[in-house]
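Down below is the structure, laid out as structure tokens.
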Amino acid sequence: MTRSSVLLRWLVVLVITAVGGFLAFGITINDDALDLLPGEAVQGDLQLLQRLGLVDRVIITLSVEPDSGISATQAVSRLQKSAEHLGLVLDQSQVFSHVVSRLPQGFELELFKTVKPHLPVLLDQKDLAFLENTSMTSAGIHDALRDDFALLNSPAGFAAKKQVQQDPLGIIRLVLKKLEHLRSEYSMRLVDGFLMSSDGMSCLVMAESSLTLTDGNNAETVQGVLERAYKESLAPGVQARVIGSLPHTLANSRSIQHDLRTLLPIASILLLTLLGVALRDIRALVVLSVPFMAAPPAMSATNFIFGKVSALALGFGIVLLGIAVDFSIHLYLALTRESDTRGEILRRIRRPITFATLTTASVFVVLLFSQVPSHQQMAMLALIGILLAVTFSWLVIPTIAVPRQNRETNSCGFKMPPVTSSPLLQSIALAVWVCLLAGGLLTWPKLQYNGDLQVLDAPNQEVLSAEQHFRETWGQNEGKAFVVASGETLDIALERNSLIYDTLIKNNVPALQSIAPILPGFEKQQANMEGWKNFWQKKRPDFDTEFKNAAIKYGFAENGFDPFFKWLEQEPVLLEPGKMLSGPLQTLLATMIRTPQQQRGNLHGSSDEFLIMTTVSTDKELLSTLLSLEQTEPGITVLANQKWRDQVERLLRKDIIVLSSAAGLFIVILVSFAFGRVRAIGGVLAPVASALAAMSLFCFVTDGELNMMHVLMSIMVIGLSVDYGIFIVCSTLEGRSDISFFAVSICAASSLIGFGTLAFAQHPALHSLGVTVLVGIGAAWPTAMLVSPVILRKSEKAAV
């Protein structure tokens, strides 16, 4: 090889690497949790949660610890001042678009003025029946008038005079009781407009981020704003705890970044040590550098194709180092340890490297069809990285591979395993292998598909503690579902929301959060109005006579309640939604109803819709009822973890079966085309079978569940393990087993280093990937070394 040829090869590789490295500085690293979710249906539901503001909502609990020495009165004062100040600071920042720290002062009177004219359209048949059986009975009338008389003669009597004249029976209390549906099952009370806990030691503040909180970079920005706001706003002794997407995104993002910073250098050092010890040559640095040189352009190309690269995909780059270095190892060892001419060696090694590249590339091509976006990014990164690594290996490894002076024919200093020459050990190896396959076949049907999205979550102790404190303080139950009513107009959305509310009431749901009781749809209001008219038409004039006689008995003027009877004679007025939404409850209602202007982006053509949310605690029976309602009524969507889990499990089962089968089919076709004979095909595929069986056994022994990462694992293991079989079978058929055994051992050790390093990852997705594939490769390697040659020799003897 001439000097100019060597320089040209290195120039091509270094230019590609340099350009890739330069472009890599502009890579958009994305930590969006949606990239971990499979299928458009599940992602669509999560995007709907974003449009509702739930994903980007920050819920802050301000607390004074009971053992802080602060009195209850001081605690309430400090909490209220802190909440009000914090709300002002957050509202003034550009990061938050909607902040709820307290209701407007005097909201009670304003609410009375808003609701009073529309009582007839807000009371349904159940309310009227309650009114008939309580306040409108003879005893009820006397009790009401007695209470009114006592109120008028109290210090608050002057201010309450007009209210008593207009509503002596306290009918408005029936509507005010409906306000309880705005707080669901939360154990809270309104104190001067602040959302206080029942013990008075905590106060609730809610804020909605204008940045998407499923992105790690955005989460860090929002967290910084919050920490500065705490320092400026919180009184001494007041502590803030946050729940929602923000702490989970931060925990996951920081966990992945920690793994990348820690494990990538460790894996690189271990790989360098392995190659240095095995090759005992400074040129091992060049062999190891091949995947490093291929990584920058691979990352840049992936970023160009997808417009972003997830941090999880970059974490997969640790594994890519162990995979991509295999080809340079095989080429280097062949050129330095075999005794034929360089041209003959390159011709002979080209066949197994070509087929190994095709098989590995084919499984990652299959993975591109996964329904999980992060899997697609990992597959593209691996596919481009491996193709570049193979190309770089062919270009640069021959330039630095110098034949050893003391090499002997078919010798590399590595001794063949004794199994290959001992009939007894061969039989034992086959027996163990068959038992492993049998165990895998027996355990595979017993594995369960786990679609719980929380298996990929990595909350730290601080996050879990904050969520536990929130449940203990506010009494929130788990198993929540969000039922969303959507419509092109607000009226349509309100009608569908009323249908949801009626369904829940019919199913005797005790705790729910809904605006339907105080803002029903127009059809519901019309029905309530007709019920109101019919009700009073039957009750009057008998009620008028009995009430006036009782009023005179308690000392009221004969015409003292004329405003009340004039109101009963008036034509009821429908409640316009805008009047309620701009009223004193505006801040609370805005957390449950979303106008098109409040929704960011144009997601699936739905940005012009109005959205109204109902929150309810569900069990299996109620969830089934709600899902049936979703199927039969347009514009109603159920958002529930159990629903997503079922969908993910179906998609997961489909991905594992379809993609693994497709990858297996590709491998069988390629191997059959390459080798043609059954004995060779069996030897090549033996490591694949062992790896899958070992993974099945491992999953069964640990937790017996398969999650979304196992889609990636199974396909990756197929591509890696078949390469071991290809090199061993090719070398065995050619009678050059020692060097290939040595090379495969180094390659397997390098892959084990990559996956073994991931086994120490903090993030559960990377950890699960590392541990499970470590088991698969750990089974494929000895199978290729011990079983594949035995299968070939058994077949040869049988043929004889």
TODO: Check whether at least one residue in the range 341-351 is crowded, with 23+ Cβ neighbours inside 10 Å, assigned to a helix (DSSP H, G or I) and at pLDDT 85 or above, and report yes or no.
DONE: yes
TODO: State whether one or more residues within the range 765-781 are of a type outside the set (S, T, N, Q), over 21 Å from Ala689 (Cα atoms) and surrounded by fewer than 24 Cβ atoms within 10 Å (Cβ to Cβ).
DONE: yes
- [ ] Kindly provide the set of residues from the range 392-422 that are among the hydroxyl-bearing types (Ser, Thr, Tyr), at pLDDT 55 or above and open to solvent by 70 Å² or more (accessible area, probe 1.4 Å), ordered by number.
- [x] Ser421
Open item on the list: If Ser370 satisfies all but one of (1) of a type in the set (Ser, Thr, Tyr); (2) outside any helix (DSSP H, G or I); (3) open to solvent by 10 Å² or more (accessible area, probe 1.4 Å), what's the number of the condition it fails?
Closed with: (3)
TODO: Just name the residue that is modelled with the lowest pLDDT out of those in the range 423-447 that are of a type outside the set (A, V, I, L, M, F, W, C) and exposed (fewer than 13 other Cβ atoms within 10 Å of the Cβ).
DONE: Pro423
TODO: Look at the range 659-676 and say how many of its residues are open to solvent by 80 Å² or more (accessible area, probe 1.4 Å) and free of Cβ contacts under 8 Å to residues at least 24 places away in the same chain.
DONE: 3
TODO: Examine the range 201-222 for a residue that is assigned to a helix (DSSP H, G or I), closer than 30 Å to Ala72 by Cβ and out of contact with any Gly (no Cβ under 8 Å at 6 or more places or on another chain), and state whether such a residue exists.
DONE: no
Task: Which listed residue is in contact (Cβ under 8 Å) with a residue 40 or more places away in the chain and surrounded by 18 or more Cβ atoms within 10 Å (Cβ to Cβ), from Pro577, Pro563 - done: Pro577
TODO: Could you check, for the range 305-313, whether at least one of its residues is under 18 Å from Ser750 (Cα atoms) and more than 17 Å from the chain's Cα centre (by Cα)?
DONE: no
Open item on the list: So, in the range 508-563, exactly how many residues are assigned to a helix (DSSP H, G or I), within 19 Å of Ala139 (Cβ to Cβ) and either touching a Cys at 6+ places or on another chain (Cβ under 9 Å) or not acidic (Asp, Glu) (or both)?
Closed with: 10
Open item on the list: So, Glu633, is that one within 30 Å of Leu611 (Cβ to Cβ), among the acidic types (Asp, Glu) and surrounded by fewer than 18 Cβ atoms within 10 Å (Cβ to Cβ) or not?
Closed with: yes
- [ ] Considering every residue within the range 580-593, establish whether at least one is open to solvent by less than 10 Å² (accessible area, probe 1.4 Å), closer than 30 Å to Ala144 by Cα and at pLDDT below 90.
- [x] yes
- [ ] Take the residues in the range 488-536 that are in contact with a helix residue (DSSP H, G or I) (Cβ under 7 Å, 6 or more places away or on another chain), of a type in the set (Asp, Glu) and open to solvent by 50 Å² or more (accessible area, probe 1.4 Å), then tell me which one is farthest from Leu639 (Cα to Cα).
- [x] Glu523
Task: Flag for Val242 being open to solvent by less than 40 Å² (accessible area, probe 1.4 Å) and farther than 30 Å from Gln525 by Cα - done: yes
Task: Residue tally, condition of a type in the set (Lys, Arg) and surrounded by 17 or more Cβ atoms within 10 Å (Cβ to Cβ), over the range 168-182 - done: 1
- [ ] Report, by residue number, each residue of the range 158-184 that is of a type in the set (A, V, I, L, M, F, W, C) and part of a loop (DSSP other than H, G, I, E, B).
- [x] Leu169, Ile171
TODO: Kindly establish whether Ser198 is exposed (fewer than 14 other Cβ atoms within 10 Å of the Cβ) and of a type outside the set (Lys, Arg).
DONE: yes
- [ ] Might you let me know whether the range 751-761 holds any residue that is among the hydrophobic types (A, V, I, L, M, F, W, C), assigned to a helix (DSSP H, G or I) and either under 18 Å from Ala686 (Cβ atoms) or open to solvent by 20 Å² or more (accessible area, probe 1.4 Å) (or both)?
- [x] yes
- [ ] Evaluate the following for Glu558: is it free of Cβ contacts under 8 Å to residues at least 60 places away in the same chain, open to solvent by 20 Å² or more (accessible area, probe 1.4 Å), more than 30 Å from Ile718 (Cβ to Cβ) and not hydrophobic (A, V, I, L, M, F, W, C)?
- [x] yes
Task: Among (1) out of contact with any Phe, Trp or Tyr (no Cβ under 8 Å at 6 or more places or on another chain); (2) open to solvent by less than 40 Å² (accessible area, probe 1.4 Å); (3) modelled with pLDDT under 85 - the single one Met188 does not satisfy - done: (1)
Task: Only listed residue being open to solvent by less than 10 Å² (accessible area, probe 1.4 Å), closer than 18 Å to Phe755 by Cβ and more than 23 Å from the chain's Cα centre (by Cα), chosen from Ala379, Ala284, Ala298, Ala324 - done: Ala324
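The values are calculated or read from the model by the stated rules, or taken from the named source; none is laboratory data. Predicted model only: the values in this text are computed from it and were never measured. Here Cβ is always computed from backbone atoms with ideal geometry, including for glycine, and neighbour counts include all displayed protein chains. With ligands, DNA and RNA removed, areas are computed over all heavy atoms of the protein, side chains included. Shrake-Rupley method; radii C 1.70, N 1.55, O 1.52, S 1.80 Å.
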